Amino acid sequence: MWPALIRDVVPLVVEVSEHSSDPPNPWAGYQLALESGLEDPTKPTHVLVLQDDAQVCLNFAEAVTRIADANERLVSLFIAHDPRVMAGRQLQAAKAGECYFTYGVSQFVPAIALLWPVAKARDFLTWARSGVRLPGQPMSDGTIDTRSDDAVIGDWHRRRQEHVLCTAPSLVEHMPDVESIIGKPLGRKAKLFIGEGDPLTYAW
């Protein structure tokens, strides 16, 4: 799925981050992707982590650049039907003509398409490796099997009281016909995807 996604995000600088394990571990893969962005020699102000089963909208690169220029908060470019509270807030914001809304306290923050200011990304990785108890399943040896990237980001969001902005509408769609790594039902489409609309008409 990479070639089409890379083509659609040009002219953004792209680094493909590959991770494989048995069982699959999205959290381990997410850390590698975020680290890769932080190591970019061009020294970006923001790092965008996109899952490979994401589909981006028209004029995506320019829209993301404008969003980055305007924000020093973590920005989610995707909101699904669940949790319903967040989906409802997105609809309300869009109806009110607002480009953003704040993601409320939740058990997870969707990791499909997150735009990280570099300072926030470094803080997040440092926090996650500081010895805090990350969410996951207890193992027989007393360790925690942490695999959910959404859950770890959500834990950081809650504990650090970080305000996560979300775009209204979503600029990224989650391909519904791609099998989920964790085997959950595929009801993961965006609640309000911009579709054929032009994001450059919004005052980001």
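Brief remarks follow.
- Taking 14 Å as the straight-line reach from the Cα of Lys189, the aspartates and glutamates in range (excluding those fewer than 8 positions away in the same chain) are Asp53, Asp82, Glu173, Asp177, Glu179.
- Residue order, fewest to most beta carbons within 10 Å, for Thr65, Thr42, Thr201: Thr42, Thr201, Thr65
- Test item: Cα-centred dipole of the chain, Lys/Arg +1 and Asp/Glu -1 on Cβ, debye: 820
- Helix-derived mean residue ellipticity, 222 nm - over the chain, DSSP H n ≥ 4, -39500 (n - 2.57), to 500: -10000 deg cm²/dmol
- Backbone amide hydrogens, once placed in the peptide plane, bring Leu48 within less than 5 Å of Trp116, excluding anything fewer than 5 places away on its chain.
- Rounded to 5, the percent of DSSP beta bridges in the chain classed as antiparallel: 85
- Full extension of the chain segment joining Asp8 with Ala28 gains 4.7 nm, where the gain is 0.36 nm per residue of separation less the Cα-Cα distance.
- Where the Cα pairs of the stretch 2-201 fall when distances are cut into 5 Å bins, in %: 1, 7, 15, 21, 22, 17, 10, 4, 1, 0, 0
- Low-density loop cleavage sites - GluC sites (Glu not before Pro) in the stretch 31-135, where at most 15 other Cβ are within 10 Å (DSSP): Glu39, Glu72, Glu98
- Modelled label positions at Leu192 and Glu15, each set 7 Å beyond Cα in the direction of Cβ, lie 3.4 nm from each other.
- Cβ crowding within 10 Å ranks Trp2, Trp204 as Trp2, Trp204, fewest other Cβ atoms first.
- Mean Cα-pair separation over length for the stretch 2-201, i.e. relative contact order, pairs under 8 Å, 6 or more apart, %: 31
- Panel order for Leu165, Leu77, by other beta carbons found within 10 Å of each beta carbon, from fewest to most: Leu165, Leu77.
- All aspartates and glutamates inside 19 Å of Lys120 as judged from Cα atoms, apart from same-chain residues fewer than 8 positions distant: Glu35, Glu39, Asp40, Asp69, Glu72, Asp149, Asp150, Asp155, Glu162
- Inter-label distance, Arg159 to Thr102: 2.2 nm, where each label sits 7 Å from its Cα along the C-beta direction.
- Placed amide H near Asp145: partners under 5 Å, 5+ positions off or other chain: Gln137, Met139
We did not get these values from a lab; they are worked out from the coordinates using the rules stated. Here the structure is a predicted model, which is why all the values come from computation and not from measurement. Because the Cβ atoms are built from the backbone with ideal geometry, glycine has one as well, and the counts that use them run over all protein chains shown.
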